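To start, the structure itself, in structure tokens.
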Amino acid sequence: MSQKLWCFSLSMVCIAVMLMSIMVGTTPITLSESLAGLAGQSSNDINTIIQDIRVPRAVLAACVGAGLGASGAALQGFTRNPLAAPGLLGFSACAALGAVIALYLNTPTFITPAAIAFAFGGAVAMTMFSRHKPGASGLVLAGIGIGALATALTGLLMNFAPNPWALSELVYWLMGSLKHADLADVKVAVPLTAIGVGLLCLSGPALRVLGLGEETARSLGISVSNTQLLIVIGCALCIGSGVAVAGAIGFVGLFIPHILRFVAGPDEAWLIPLSALGGASFLVLIDMLIRITSGPGTPLYLGIATSLIGVPFFLWLAWRQT
Amino acid sequence: MITFNNISVQLGTKKAVNNVSATAKSGELIALVGPNGSGKSSLIKAISALIPHTGSTNLPQNRRARSKQLAYLAQNVTAPRHHLVRDIVALGRTPHIGSLSQLSKTDVTKVEAAMQACGILDFSNRIFGELSGGEQTRVHLARTLATEAALLLADEPITALDPYYQLSVMGILRRTADQGTTIIAALHDLSMAKKFCDQVWVMNKGDLVAQGTPNETLTPEVLRDVFRITPGGEIAR
């Protein structure tokens, strides 16, 4: 199957999963009612459920998943390291640190700007620390170091949490969830993620040439530092906005590109948009399953569910490739 | 004609290349020889503008313009294992089409011509990772030929190959030079340099100590003083 066909198929899957996600929940709503609710032509209750709760949640899940998938594919392509992911290179940890600081200071309105600002701060630090050695190894070393620092600082804040309730709030937030998704989050996350994924897609063709090694790519006219800049800014936008609205969601950026590389081929230029679509579909599906399976008690957190479902599949894939 | 003047490369505290100037005529196949650490790779990378250096060349300063005139075959060449041979060779057209554009029919024709020249057209649809080392080298050589650059710089292209592939790769370089491309290839095998090359440039401790035809340069004195061997292939005392 050609990559164009994979793109089309995954787009259809993503739309289908989002429609299902809008229909499914504590109050089942039929497709026709959902579409009427989307247009604001159903009953007030249905209009409210669809427009204020389910659509924002489905759109945000798709948005966060797309950002994670595209970031993972771009980072794996640039570093030529199968373990590279937004979580490993510190983007998620920096964004989470920003959000945790906002939570710690009891200023929830600043969670989004703080997460995005810290993701960018981490990206700037990575670029600065790797400027003497632009390229894969410099970015990986700087990213791991900055990520470790951000994780340690997050731990420090949790260590000095003023009371057990504040600590539990931080811990639950770090597990990742879309249960508080609303239209305000959509207005922030969607444009930032769209720009971020766009930048990452632009870096794709250069990543194809970088597969030949950095020296050869440079001899073919590719600027390694410009490509790194595109990827760092793209990841900061995607991961910063994603962590701001959904908390820290791990593993999607690692295993979605692996699965799509396995089934759709290794071409980085196509892998980034395909991973965006795959990540979006996966996260919408997992969020929908959480809503279906969680009872009225403590719901399963999205970050935990993605790892629980993703890890066995990833291990199976690694075993098959071996 | 490619000219470079006073090229110097400093690697840490070591001067890897020391004020090297030379001119390579169109269609010449030049062997750049010298012991390990003599500065061959550094000179090639400096001409390719891949490492910091001083001095100048008559190649364009602009990265994109230079990449159309200069093709580079790295010493430890690599490529994604799961890519098709055809796709890897096609990356040689990147300087002409940019990384965001698709190959035109003309580009496809040039890619096929490069594969034909390197004898890899038959396995153009195979996976790169399934090829032998010699076949992989020929794929990368085809990729550099697909660029159609006036200057091809090859850093030890035959070092890791068996005798068949050494002769095969040197034969491709010879035929490419005969069609007008200037080629500078770093080599360790002096017999290959004598057999295939028009010129031999001898480097020692960062200096270009001799240049001329193989017979003019690979003299018993040079073999003894630079390579520390005798004409008979023994270690010089």
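The values are calculated or read from the model by the stated rules, or taken from the named source; none is laboratory data. Nothing here was measured: the structure is a model prediction, and the numbers come from that model. For neighbour counting, all protein chains shown are included, and Cβ atoms are generated from backbone atoms with ideal geometry for every residue, glycine included. Accessible surface areas use protein heavy atoms only, side chains included; no ligands, DNA or RNA. Shrake-Rupley method; radii C 1.70, N 1.55, O 1.52, S 1.80 Å.
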Ordered by number, the residues of segment A:257-291 that have at least 50 Å² less accessible area in the complete protein assembly than on their own chain alone (1.4 Å probe) are A:P266
Classify segment A:3-321: rounded, prolate or oblate, from the alpha-carbon gyration tensor (a ≥ b ≥ c, eigenvalue square roots; a/c under 1.5 rounded; otherwise prolate if a/b is larger than b/c)?
-> oblate
Quick one: Karplus J couplings for segment B:139-156, per residue in order, coefficients 6.51, -1.76, 1.60, θ = phi - 60°, nearest Hz, x for Gly and Pro?
-> 5, 5, 5, 4, 4, 6, 5, 4, 5, 6, 7, 6, 10, 10, 10, 10, 9, 6
The long-range amide H neighbours of B:H83, using H built 1.01 Å from N in the peptide plane and a cut-off of under 5 Å, are B:F128, B:G129
Using alpha carbon centroids, what distance separates segment A:1-63 and segment A:239-313, in Å?
-> 17 Å
Note on chain B: the mean projected area of its alpha-carbon convex hull, in nm², is 13.3 nm²
Name the residue farthest towards the positive end of the dipole of segment A:3-321 from the options A:S241, A:S137, A:T48, assuming +1 on Cβ of Lys and Arg, -1 on Cβ of Asp and Glu, about the Cα centre.
-> A:S137
Determine the dipole magnitude for segment B:2-227: charges of +1 sit on the beta-carbon of Lys and Arg, -1 on that of Asp and Glu, nothing else is charged, the reference point is the Cα centre, and the result goes in debye to the nearest 20.
-> 600 debye
Given a Förster radius of 35 Å and the C-beta distance between A:L83 and B:T159 as r, what FRET efficiency does 1/(1 + (r/R0)^6) yield to the nearest 0.05?
-> 0.65
Under 20 Å between C-alpha atoms is the cut-off here; go through segment B:2-227 and count lysine pairs that meet it, provided they're at least eight residues apart or on different chains.
-> 18
Cβ-based net charge around A:I116, under 14 Å, with every Lys or Arg adding one and every Asp or Glu removing one = 0
Under 5 Å, built H, 5+ apart or other chain: amide partners of B:L152 | B:A71, B:T182, B:I183, B:I184
Interface A:B - total buried accessible surface [probe 1.4 Å, Å², rounded to 100] = 1800 Å²
Cβ charges +1 (Lys, Arg) and -1 (Asp, Glu), total dipole of the protein assembly as shown, debye = 740 debye
Phi to ³J(HN,Hα) by Karplus 6.51 cos²θ - 1.76 cosθ + 1.60 over segment B:9-16, Hz, x for Gly, Pro | 10, 10, 10, x, 8, 9, 8, 6
Delta accessible area of at least 30 Å² on complex formation, residues of segment A:215-232, 1.4 Å probe, chain isolated as reference = A:E215, A:T216, A:R218, A:S219, A:L220, A:G221
Summing +1 per Lys or Arg and -1 per Asp or Glu among the other residues with Cβ less than 15 Å from B:D122's Cβ gives 0
Amide H contacts under 5 Å for B:G55, restricted to residues at least 5 apart in sequence or on another chain and with H modeled in the peptide plane, are B:S8
Find which of A:L88, A:L38, A:G65 sits farthest along the positive direction of the dipole of segment A:1-140, computed with +1 on the beta-carbon of Lys and Arg, -1 on that of Asp and Glu, about the Cα centre.
-> A:L88
For segment B:177-190, in residue order, the Karplus 3J(HN,Hα) values (coefficients 6.51, -1.76, 1.60; θ = phi - 60°; whole Hz; Gly and Pro = x) are 5, 4, 8, x, 7, 7, 10, 10, 10, 6, 10, 9, 7, 5
Computed E for A:L315/B:T54 - FRET, C-beta separation, R0 45 angstrom, nearest 0.05 = 0.30
Separation between the A:A152 and A:N106 pseudo-spin-labels, each 7 Å from Cα along Cα→Cβ, expressed in nm?
-> 3.0 nm
Placing +1 at every Lys and Arg Cβ and -1 at every Asp and Glu Cβ, with all other atoms neutral, what dipole size does chain A have around its Cα centre, in debye to the nearest 20?
-> 540 debye
Where a ≥ b ≥ c are the square roots of the eigenvalues of the C-alpha gyration tensor, would you call segment B:1-127 rounded, which needs a/c under 1.5, or, failing that, prolate if a/b is larger than b/c, or oblate?
-> prolate
Of the accessible area of the protein assembly as shown, computed with a 1.4 Å probe and all protein chains kept, carbon and sulfur make up a percent value of 60 percent
FRET efficiency for A:T48 and A:L229 from the Cβ-Cβ distance with R0 = 41 Å, rounded to 0.05, comes out at 0.40
Accessible surface, per residue, of the protein assembly as shown when the full set of protein chains is kept, probe 1.4 Å, Å² = 44 Å²
